[in-house]
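Novice: Following this message is one structure expressed as structure tokens.
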Amino acid sequence: MKIVSITEFQIPFVKLINFERFMDQRGYFTETFRASDFINNELKVFPNGIMQTNESFSQKNVLRGLHFQAPPFEQTKLVRCISGNILDVAVDLRTSSKTYGKFFSIELSSKNNKQLFVPKGFAHGFQVLSETAIVNYKVDNFYNPKSDSGIIWNDKDLSIDWNLDIKPILSDKDLKLISFKELKSPF
């Protein structure tokens, strides 16, 4: 098994990764992660390895994010949608970056077999587009509640087009997140 393609975007270090998938009359088989692809080769995106894997199940119109962890507990993420489809969003919070305050969004689904690599220094969130979705992501640092932070999903300065026709379903925590202007980025 191998990575079929790696696509880089206008925001440096955000990558779309597509793994090989084998189909037959039974369905499909794919590797979704091989440490040597991410640690010991030119990607080197998880040099310290994977520390935790997270998974969420959500209903249509659930919006989670935009979340990040502050240093020293910042996280690199490898995100995939294993059931349904989502709009996945990453916002650059690196103050020295030319793309600071810019966002990237892409649809991830169980059908397209793509994974989004979100480096440290980014806020991350997603909206469920299908009736339900299961999202799985690997991270290179443990969750730390004291480092947990985020930006409000509908921030006017970021102007993210979530393509919503109704009000999203949000957690109480996500409803209380600060604006981008209020953020004192730790990155």
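Novice: With a/c under 1.5 counting as rounded, go ahead and sort the range 96-187 into rounded, prolate or oblate using the C-alpha gyration tensor (a ≥ b ≥ c being the square roots of the eigenvalues; past the cut-off, prolate if a/b is larger than b/c, else oblate).
Specialist: Taking the square roots of the gyration eigenvalues as a ≥ b ≥ c, the range 96-187 is rounded.
Novice: Could you go through the range 64-69 in sequence order and give the Karplus-derived ³J(HN,Hα) for each residue, using 6.51 cos²θ - 1.76 cosθ + 1.60 with θ = phi - 60°, rounded to whole Hz, and x for Gly and Pro?
Specialist: Karplus values, whole Hz, x for Gly and Pro: 10, x, 9, 10, 7, 10.
Novice: Continuing with this model, one more query. Which of 154, 112, 48 moves most in a GNM of the chain, Cα contacts under 10 Å?
Specialist: 48
Novice: Next question, about the same structure. Over the range 94-187, what is the relative contact order in whole percent, taking alpha-carbon pairs under 8 Å and six or more residues apart?
Specialist: Worked out over the range 94-187, it gives 37 percent.
Novice: Relative to the present Cα-Cα distance, how much length would full extension add between residue 56 and residue 148 at 0.36 nm per residue of separation?
Specialist: Roughly 31.4 nm would be gained on extension.
Novice: With +1 on the Cβ of every Lys and Arg and -1 on the Cβ of every Asp and Glu, and nothing else charged, how large is the dipole of the chain about its Cα centre, in debye rounded to the nearest 20?
Specialist: Roughly 200 debye, rounded to the nearest 20.
Novice: Please list, ordered by chain and number, the residues whose modelled amide H lies under 5 Å from the amide H of residue 169; skip anything fewer than 5 residues away on the same chain.
Specialist: Amide H to amide H, under 5 Å and 5 or more residues apart or across chains, residue 169 pairs with 62, 63.
Novice: From the residues 177, 59, 115, which one has its Cα farthest along the dipole of the range 29-187 in the positive direction, the dipole being from +1 and -1 charges on Cβ of Lys/Arg and Asp/Glu about the Cα centre?
Specialist: The residue sitting farthest along the positive end of the dipole is 177.
Novice: Rounded, prolate or oblate for the range 143-187? Axes are the square roots of the Cα gyration tensor eigenvalues, ordered a ≥ b ≥ c, and the cut-off for rounded is a/c under 1.5.
Specialist: oblate
Novice: Which of 115, 25, 52 ends up with the largest GNM mean-square fluctuation for the chain, with Cα atoms connected below 10 Å?
Specialist: 25
Novice: Continuing with this model, one more query. What residues have an amide H closer than 5 Å to that of residue 178, excluding those fewer than 5 places away on the same chain, when H is modeled at 1.01 Å from N in the peptide plane?
Specialist: For residue 178, whose amide H was placed from the backbone, the distant partners under 5 Å are 150, 152.
Novice: Another one. Could you go through the range 133-146 in sequence order and give the Karplus-derived ³J(HN,Hα) for each residue, using 6.51 cos²θ - 1.76 cosθ + 1.60 with θ = phi - 60°, rounded to whole Hz, and x for Gly and Pro?
Specialist: Ordered by residue, 3J(HN,Hα) equals 8, 10, 10, 10, 9, 9, 9, 9, 8, 6, 5, 9, x, 6 Hz.
Novice: Which entry in (1) 1.12; (2) 0.97; (3) 1.01 matches Cα Rg over 2.2 N^0.38 Å derived from the coordinates of this structure?
Specialist: Only one option fits the structure, namely (3).
Novice: Related question: In a GNM of the chain with a 10 Å cut-off on Cα contacts, which of 93, 170, 63 has the highest mean-square fluctuation?
Specialist: Highest fluctuation of the listed residues: 170.
Novice: May I pose another question? Mind listing the long-range amide H neighbours of residue 83? Cut-off is under 5 Å, sequence gap 5 or more, other chains count too, H placed in the peptide plane at 1.01 Å from N.
Specialist: Correct list: 110, 134.
Novice: At what distance in nm do the modelled label points of residue 6 and residue 26 sit from each other, each positioned 7 Å from its Cα along Cα→Cβ?
Specialist: 3.1 nm
Here, each number is a calculation from the coordinates, and none is a lab measurement. Note that the coordinates shown come from a computational prediction; the quantities given were computed from them, not determined experimentally. When we count neighbours, we look across all protein chains shown, and the Cβ atoms used for this are built from the backbone with ideal geometry, even at glycine.
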